[in-house]
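A short worksheet on the structure shown next.
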Amino acid sequence: MGEESVMEEHSVDRIPREATKILISLASSWGDTIDKNSFKVIPLKGAMTNQVYRINWETHKGESPADQKEVLVRIYGQGVDVFFNRQVEINTFECMSKHGQGPRLLGRFSNGRIEEFIHARTLSAHDLRDPEISCKIASTLKEIHKLQMPGPKNVVLWNRLRNWLSSAEQLCPLEEGRVFKLDGLDEEITILEKQFSGKNQLIGLCHNDLQYGNIMMNEDTKLLTIIDYEYASYNPVAYDIANHFCEMAADYQSELPHILDFNKYPELDERKRFIRAYLSSSGDEPTDVDVDALVEDVEKYTLASHLVWGLWGIISEYKNDIDFDYMEYAKQRFQQYQLRKAKLLVMNSSSRIGVVTDRP
């Protein structure tokens, strides 16, 4: 849907036969009579788990110039069931599509789907620092958090961490596990859950992977579209925002895409601006107390973000053959966790988290 870089054109045989039949039927429903050889198949690189293709074809109507129709075909990656339930992800995508969030669903086949091709550009790492764009992200994220998905509204974060820890322990050699201190991580997760869980938390439908590559902007309308809901679930909204802030340390299009620069983590004034835009997008102007409280909650949830993506890196090392140094990425996330937990956790009877204004 435009989030990946374009590569050279490939044969339609790259697409599953089942998908090709759906494409022909879809073209027919739009008034185009074509065969499979009419399709131009262009792989898009940059996706971390799926194979993604832009499919287009030309259609001639009377004497008018040829128009070009475009869709996106997504073929699901292998081995991702350790990270999320594919059926749940499909249900979430369909729900988002119905609510006008993300691309429209155009068709489904056994190991993938056909989506609307969004004519917009993917944001860059630099775009996240633009105050205007950042405020638009905040308000768009608030819209997603308010959506109601069918089924239970339970927080997924802590069970996800424990499940991923179990998978990492099974996959990781003993010596490597010791380097990452995996044997003590379950206790760390329990401490975070006890200190962070509270009655007054805002819980919503969270994206959980809001990096710049999952945000698209129409250059004409300046409207944003958030895509790729594979990891979406109900969670504390502070966690979703914290994860977005942590992603500002990454540039996945650089020569060393696995290297993170936490000097790029947003300063306090940037974080406050984002939080104020988030809270005010519903129409009510938040107080300074409201803003400070959510800023504080977001800061503590950066710890959970580091653990989530640290474990993701370890598991991906053994499940994914994409050219990305997953282990080095994991090391950086665990290092940040260790560096920051002493400042973000206050081990006392009230289980309160101290206010932190410097970088995580």
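Points to keep in mind about this one:
- Mean Cα-pair separation over length for the chain, i.e. relative contact order, pairs under 8 Å, 6 or more apart, %: 15 percent
- Straightening the chain between ARG108 and VAL179 buys 21.3 nm, computed as 0.36 nm per residue apart minus the Cα-Cα spacing.
- Cα extents for region 162-245 along the principal axes, largest to smallest and rounded to whole angstrom: 53, 34, 18.
- Residue-wise HN-Hα couplings along region 241-253, as the Karplus relation 6.51 cos²θ - 1.76 cosθ + 1.60 with θ = phi - 60° gives them from phi, are 5, 4, 5, 4, 4, 4, 5, 5, 7, 9, 9, 6, 9 Hz; Gly and Pro carry x.
- Considering region 115-216 at the alpha-carbon level, its Rg and Dmax are found to be 18.1, 47 Å.
- Taking ASP297, ASP290, ASP323 and ordering them by how much accessible surface each has at a 1.4 Å probe, largest first, produces ASP323, ASP290, ASP297.
- The H on the amide N of PHE109, modeled in the peptide plane, is under 5 Å from the matching H of ILE114, each at least 5 residues off or on a different chain.
- In the chain, helices alone account for a calculated mean residue ellipticity at 222 nm of -13500 deg cm²/dmol, with every DSSP H run of four or more residues adding -39,500 (n - 2.57).
- Accessible area of the chain belonging to carbon and sulfur atoms, whole % at 1.4 Å probe: 48 percent
- Anchor LYS199: lysines whose Cα lies under 22 Å away (excluding residues fewer than 8 positions away in-chain): LYS142, LYS146, LYS153, LYS300
- Note: region 227-280, Cα convex hull, 111 Å³ per residue.
- The chain: most fluctuating residue of ALA242, ALA19, ALA330 per GNM, C-alpha cutoff 10 Å: ALA19
- Cα point-scatterer Debye curve for region 282-328, base-10 log of I(q)/I(0) at q = 0.14, 0.23 Å⁻¹: -0.55, -0.80
- At full extension, ASN200 and TYR252 could sit 15.2 nm farther apart than now, given 0.36 nm per residue minus the alpha carbon distance.
- The value for the chain of Rg(Cα) / (2.2 N^0.38 Å) is 1.04.
- Inverse mean reciprocal Cα-Cα distance (Kirkwood Rh) of region 150-201, Å: 12.5 Å
The values are calculated or read from the model by the stated rules, or taken from the named source; none is laboratory data. Predicted model, so just to flag it, every value in this text is computed and none were measured. Side chains are part of the model used for accessible areas, which takes the heavy atoms of the whole protein and leaves out ligands, DNA and RNA. Shrake-Rupley method; radii C 1.70, N 1.55, O 1.52, S 1.80 Å.
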